[in-house]
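Structure record follows, encoded as structure tokens.
The values are calculated or read from the model by the stated rules, or taken from the named source; none is laboratory data. Just so it is clear, the structure is predicted and the values come from calculations on it, not from any experiment. Cβ placement follows ideal geometry from the backbone for every residue including glycine, while neighbour counts extend to all protein chains displayed. The protein model used for the area step is the full one, side chains on, heavy atoms only, and it has no ligands, DNA or RNA in it. Shrake-Rupley method; radii C 1.70, N 1.55, O 1.52, S 1.80 Å.
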Amino acid sequence: MPTDKLSQMSHEELLKYQQSIKSVTYIFAGVLLLLFCLNTYNTIKKGFTALSVLPIALLPILIINFSTLSKIKKELASRDAE
């Protein structure tokens, strides 16, 4: 979501959006960590497969979500300062 969209949202909408993004991001991070561990184990046992790169390929989504969370926190902090 672009930054200008965040500035147009109300305080309650931002809090709700932050909570939903936060929960999805942490669940996704847990699943991604589990997937990374299982793929490492599978690579050791059976060798390298095409699915071994899947956790690395999904890592940018996690980075984008954490970036969005920090933008929301900055927007909320700037509103509280005013």
Here is a check on your reading of the model: is F48 open to solvent by 100 Å² or more (accessible area, probe 1.4 Å) and either outside any helix (DSSP H, G or I) or at positive phi (or both)?
yes
So which pairs qualify, if the first residue must be in region 41-59 and under 16 Å from V31 (Cβ atoms), the second must be part of a helix (DSSP H, G or I) and not aromatic (F, W, Y), the Cβ gap must be under 7 Å, and the two must be at least 6 apart or on different chains?
L51/N39; L54/L35; L54/N39; P55/L32; P55/L35; P55/N39; L58/L32
Taking the stated definitions as given, is E75 surrounded by fewer than 11 Cβ atoms within 10 Å (Cβ to Cβ) and at pLDDT below 95?
no
Here the residues within region 29-67 that are polar (S, T, N, Q) and under 24 Å from Q19 (Cα atoms) are N65, S67
